[in-house]
Amino acid sequence: MLAFRTDNGGIFGFGIASLIFAVIFGSSLIIKYSRQQQGKRESLILKKYGEFIDNIIHSRKRKWAVLGITSVAFVLSIMLIPLGLLKVEMFSPTDFTRLYVNIETPRGSTLSTTSAIAEEVERRLFSFPEIKSFVSNVGITGADSFDDFSVGMGATPYKGRVIIDLHDEKNRERSSMELAALMRENLKDIPGAKITVNEMENGPPTDAPVVINLRGENLDELKKVANDFTSILKNIEGTRDVKHSIQEGTPELQVKINKAKAASLGLDEMTIASGVRNAVHGLKATTFRKDQDEIDVYIRTTKDKLSSIQDLEGLYFFSHGGQPIPFTQVAELVESKSVTAISHEDMKRQVTVVAETTTGVIAGDIIKKFQESTADYPLPTGLTIKLGGEHEDIQESFTDMFTNMLIAAVLVFLVLAVQFNSLSQPWIILLSVPMAMIGVLPGLVITGNNFGFVSFVGVVALVGIAVNNAIVLVDI
């Protein structure tokens with residue numbers, strides 16, 4: 001009672017909790033004392049269980065029947081995963097109090113354009129009563145203590161982010177997963193930008209659930225296959241926000257030089273490149289000094305004379321002999337878009353296709369459907385595919401933990417062999433450990449849970465308990 005004593009009223013300072021626990025513990029002690037006085041009585045359950053075990057031990061047929069039933073139950077339990085009745089995932093989705101709305105307008109968009117779309121997003125978010133507050137960042141993604149790995153690295157006028165804080169789970173009826181799905185539907189028709197709604201995830205920061213890495217040397221082939229795989233993933237039910245890493249950059253003009261024609265007219269690539277650069281950027285003529293300030297002076301063509309592609313094509317280059325050569329005689333202009341970045345892995349170019357999954361969809365199911373859809377795809381020579389994302393994380397994590405379990409089993413076997421001075425008894429103990437899966441896997445199916453990283457940690461702990469119980473039974 002003293003553990004629950006307070007100074008805020010009650011009977012002599014003892015509150016309701018103190019009195020309730022005093023009655024429970026006091027009654028338990030009285031019942032226990034009275035049973036000890038009456039002598040020990042054998043439990044009916046223990047008596048029946050002892051008779052059942054004794055009947056099995058003294059009958060060869062019953063012993064083989066138990067071994068057969070146990071083996072069949074073990075195989076059926078393991079088959080729950082290949083049959084698809086038990087799904088495997090890294091971490092299960094959790095109801096968090098934070099969501100992110102990412103806004104991306106076309107590259108080259110101004111800050112005011114992105115800000116106008118962010119204001120429209122804010123206006124629509126007011127229709128969700130579960131939102132406690134939100135903060136908008138335009139031009140930078142904004143620092144966030146919950147999402148340190150997504151902090152912006154500089155000014156990006158075409159990007160924006162809205163950080164949403166929700167009310168506590170007990171104060172709202174809809175989960176963060178449901179709200180994220182509703183927000184995607186509510187915001188998808190806003191024109192002029194790509195808008196995604198991201199949720200917080202369990203575990204360490206990882207890639208998207210579905211990641212397909214394409215490696216090769218030919219960038220055009222990589223881009224074509226990436227576009228095809230993106231279309232295939234979009235058609236698979238349960239995927240969203242499908243994209244690949246080759247993002248179109250800012251528009252640019254490429255100068256294609258006819259080297260043979262230029263050489264015959266007394267021009268080289270350096271002369272043509274310098275002429276274009278001086279016309280566009282200017283030529284540094286001198287430096288004007290005033291007091292301690294230095295101002296560079298450039299000579300360049302006026303902006304009104306370089307306002308179109310035709311103005312560039314009207315330039316003249318001077319050969320080594322001083323002869324003016326028209327631009328169109330030695331070069332041509334080609335409109336294109338730059339590639340923002342080209343990643344490499346193992347000394348090869350790599351393009352990544354990623355996809356998020358909708359609530360309740362397992363990444364493994366998406367990968368399986370993708371492999372079925374691309375079984376007959378004509379992959380170009382020299383191009384390879386490597387699966388990443390949750391598929392790779394599960395393989396690496398589960399393989400490492402399974403390897404550690406095998407090492408632990410070998411060490412336990414050595415310790416038990418020394419302890420029992422026998423090689424057969426340790427085998428009996430270790431062979432009983434996998435039988436624990438008979439309760440684990442069907443139990444997850446019955447309760448509607450998936451087999452994930454946390455479940456695997458529980459299995460590791462269960463192995464220790466099973467070994468301990470087996471040691472006690474063998475020692476008896």
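The values are calculated or read from the model by the stated rules, or taken from the named source; none is laboratory data. Bear in mind that the values here come from a model prediction, so they are computed numbers and not experimental data. Glycine also receives a Cβ, built like all others from the backbone with ideal geometry; neighbour counts cover every protein chain displayed.
Would you say GLU335 is at pLDDT below 85 and part of a strand (DSSP E or B)?
The answer is yes for GLU335.
Going residue by residue through the range 367-374, is there one that turns out to be at pLDDT 80 or above, touching a strand residue (DSSP E or B) at 6+ places or on another chain (Cβ under 8 Å) and exposed (fewer than 12 other Cβ atoms within 10 Å of the Cβ)? For the range 367-374, residues at pLDDT 80 or above, touching a strand residue (DSSP E or B) at 6+ places or on another chain (Cβ under 8 Å) and exposed (fewer than 12 other Cβ atoms within 10 Å of the Cβ): absent. Could we say that LEU387 is farther than 15 Å from VAL459 by Cα, in contact with a helix residue (DSSP H, G or I) (Cβ under 8 Å, 6 or more places away or on another chain) and free of Cβ contacts under 8 Å to residues at least 40 places away in the same chain here? Here the answer is no, as LEU387 does not meet what is asked. For the range 430-452, the criterion of being at pLDDT 85 or above, in a helix (DSSP H, G or I) and touching a Gly at 6+ places or on another chain (Cβ under 9 Å) is met by at least one residue. The set of residues in the range 93-110 that are loosely packed, with under 15 Cβ neighbours inside 10 Å and either of a type in the set (Phe, Trp, Tyr) or over 20 Å from HIS167 (Cα atoms) (or both) comprises PRO106, GLY108, THR110. Within the range 440-464, being over 17 Å from ASN404 (Cβ atoms), in contact (Cβ under 8 Å) with a residue 24 or more places away in the chain and out of contact with any Leu (no Cβ under 8 Å at 6 or more places or on another chain) holds for ASN449, GLY452.
Quick check on my filter: what residues within the range 112-142 are among the aliphatic types (A, V, I, L, M) and closer than 20 Å to GLN247 by Cα?
Within the range 112-142, just ILE140 meets the criteria.
Within the range 417-430, identify whether any single residue is among the polar types (S, T, N, Q) and in contact (Cβ under 8 Å) with a residue 60 or more places away in the chain, and answer yes or no. No - not one qualifying residue is present in the range 417-430. Of the candidates GLY382, GLY360, the single residue that is assigned to a loop (DSSP other than H, G, I, E, B), touching a strand residue (DSSP E or B) at 6+ places or on another chain (Cβ under 8 Å) and of a type outside the set (Ser, Thr, Tyr) is GLY382.
The set of residues from the range 199-222 being at pLDDT below 85, under 21 Å from the mean Cα position of the chain (by Cα) and not in a loop (DSSP other than H, G, I, E, B) comprises just one member, GLU199. Here ALA408, ALA466 are screened, and the one residue that is assigned to a helix (DSSP H, G or I) and in contact with a Ser or Thr (Cβ under 7 Å, 6 or more places away or on another chain) is ALA466.
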